[in-house]
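For reference, the structure discussed in these notes is given below.
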Amino acid sequence: MSDGIIRIVAAVIRDGGGRMLLVRKRGTSAFMQPGGKPDSGEDNLTALARELREELGCRVAPDSAQSLGVFECAAANEPGFRVRASVYAVDVDGAIEAQAEIDEVLWVDPRAVLDLPLAPLTRDHIMPLARLS
C-alpha cells in the first residue's frame, strides 16, 4: 500500500431476478461489492472465498468465478488512496447474512436509479458493467 494503491478482490453476486448484492461496512455510509484485501500469499479467488465466508457466511460455488476485469478508482473509505480491484462474478451457496464488519446487505436492481451512497468502484465501474448483462 506504500504506492497509495489498495489491492482488493470484489464479488458481483446476482440473484435469479438479476438483482445485485451490495454491502455496507460498519461505521461507513457507502454501499459496495463484498470482498476485501488478500492476505499475504493468498491468490484472488482464495481471498474472495475467505472474505465472503467471513462477511456473509456463504461459500463461492465451485467453478462459478468469472473474471470481470481489474478496475482502479478512488477508495471509498480511505481518503487519499485508490483501490485496484480484481472483480469476479460468482455464484454462492448458503444463506447470505451480514457478519463481521458488515452492517447491512441490500439487493438492488443495477438498472434502477438508486438513491444510495455508492462506493466509487460500484458507482463508476460495477453498476455500468452490470447494466450490460
_Positions within the range 92-113 being farther than 17 Å from A49 by Cβ, in contact with a helix residue (DSSP H, G or I) (Cβ under 8 Å, 6 or more places away or on another chain) and at pLDDT 95 or above, in sequence order_ = A98, V105
*Can you pull out the residues in the range 54-69 that are assigned to a loop (DSSP other than H, G, I, E, B) and in contact with a Phe, Trp or Tyr (Cβ under 8 Å, 6 or more places away or on another chain)?*
A65
_Please determine whether any residue of the range 46-58 is surrounded by 19 or more Cβ atoms within 10 Å (Cβ to Cβ), under 22 Å from V113 (Cα atoms) and either among the β-branched types (V, I, T) or out of contact with any Lys or Arg (no Cβ under 6 Å at 6 or more places or on another chain) (or both)._
no
*asked:* Against the definition (assigned to a loop (DSSP other than H, G, I, E, B), surrounded by fewer than 19 Cβ atoms within 10 Å (Cβ to Cβ) and at pLDDT 95 or above), how does E42 come out, yes or no?
replied: yes
*asked:* With the requirement that a residue be surrounded by 12 or more Cβ atoms within 10 Å (Cβ to Cβ) and not in a strand (DSSP E or B), what does the range 1-14 give you?
replied: I13
*What are the residues in the range 42-63 that are without any contact (Cβ under 8 Å) to a residue 24 or more places away in the chain and under 13 Å from E97 (Cα atoms), if any?*
R53
*asked:* Quick check on the range 74-100: of everything there that is in a strand (DSSP E or B) and more than 14 Å from the chain's Cα centre (by Cα), which residue is farthest from P117 (Cα to Cα)?
replied: D93
*Can you give me the number of residues within the range 101-133 that are in a loop (DSSP other than H, G, I, E, B) and either exposed (fewer than 13 other Cβ atoms within 10 Å of the Cβ) or not aliphatic (A, V, I, L, M) (or both)?*
9
_Answer from R123, R82 - the residue that is basic (K, R) and touching a residue at least 60 places away in the same chain (Cβ under 8 Å)_ = R82
*Scope the range 17-41; condition within 14 Å of E101 (Cβ to Cβ), of a type in the set (D, E, K, R) and touching a helix residue (DSSP H, G or I) at 6+ places or on another chain (Cβ under 9 Å); matching residues*: K25, K37
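The values are calculated or read from the model by the stated rules, or taken from the named source; none is laboratory data. Since the structure is predicted, the reported quantities are computational estimates derived from the model, not experimental observations. Reconstructed Cβ throughout: ideal geometry from the backbone, glycine too, with neighbour counts over all protein chains shown.
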